[in-house]
């Protein structure tokens, strides 16, 4: 796999202008990480030490509820991030787990690297603010959907947000992401497809 990190540059440029010299500085800090399918890269209680930008593969962010059931909170596919943002920023124990659902290649961005980028890029602080805002919107939409959308609406939103997710993720993870039973998911799929 090429290590040119072009997808990350495109993502950064979605938020801010970045010149070639700034890009070279960024690129030199990135750590390429290969994660095996089913590997857990963050567990509850650990401090989240990085943001994972998925270049190829799929990560699942989940938590374990009071009944010891896994609840999928988010899927991170290619060209998206996975992290426990609160743990990462506050350097506190994580509430979430992050697991690879496929063999995954990700770029790890540590807290220290992120602080350097904030200081050394012309628009580094703006980049941080805009990414934080997007993360807030993602979380807000997820929470709002539980209270304002039907399971069918959540299912349709998931398919719009994560194209081809149904072919890449086991059904029980998708059901937990939608906060419905696997049986209910089967009914939705039959009714929609």
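Tell me, yes or no, whether the stretch 58-75 has at least one residue that is surrounded by 14 or more Cβ atoms within 10 Å (Cβ to Cβ), closer than 19 Å to residue 161 by Cα, in the same structural domain as residue 117 (by TED's automatic domain parsing) and without any contact (Cβ under 8 Å) to a residue 60 or more places away in the chain. Yes: the stretch 58-75 contains one or more residues that are surrounded by 14 or more Cβ atoms within 10 Å (Cβ to Cβ), closer than 19 Å to residue 161 by Cα, in the same structural domain as residue 117 (by TED's automatic domain parsing) and without any contact (Cβ under 8 Å) to a residue 60 or more places away in the chain.
Taken residue by residue, the stretch 21-35 has at least one member that is more than 27 Å from residue 126 (Cβ to Cβ) and touching a residue at least 24 places away in the same chain (Cβ under 8 Å). Restricting the stretch 76-120 to residues that are in contact with a helix residue (DSSP H, G or I) (Cβ under 6 Å, 6 or more places away or on another chain) and assigned to a loop (DSSP other than H, G, I, E, B) leaves a set whose member that is modelled with the highest pLDDT is 94. Residues in the stretch 61-75: is at least one under 30 Å from residue 182 (Cβ atoms), in contact with a strand residue (DSSP E or B) (Cβ under 7 Å, 6 or more places away or on another chain) and part of a loop (DSSP other than H, G, I, E, B)? Yes - at least one qualifying residue is present in the stretch 61-75. Step by step: first the residues of the stretch 97-133, then only those that are more than 19 Å from residue 24 (Cβ to Cβ) and out of contact with any strand residue (DSSP E or B) (no Cβ under 9 Å at 6 or more places or on another chain), then the one that is surrounded by the most Cβ atoms within 10 Å (Cβ to Cβ). Which residue is that? Here the answer is 128.
Do we have any residue at all in the stretch 134-146 that's surrounded by 18 or more Cβ atoms within 10 Å (Cβ to Cβ), assigned by TED's automatic domain parsing to the domain that holds residue 50 and in a helix (DSSP H, G or I)? No, that holds for no residue. Comparison of 38, 44 shows that the only residue that is part of a loop (DSSP other than H, G, I, E, B), touching a residue at least 60 places away in the same chain (Cβ under 8 Å) and either within 22 Å of residue 99 (Cβ to Cβ) or in the same structural domain as residue 132 (by TED's automatic domain parsing) (or both) is 38.
The values are calculated or read from the model by the stated rules, or taken from the named source; none is laboratory data. None of the values given here were measured: they were computed from a predicted structure. Please note: Cβ atoms are built from the backbone with ideal geometry, for glycine as well, and neighbour counts cover all protein chains shown.
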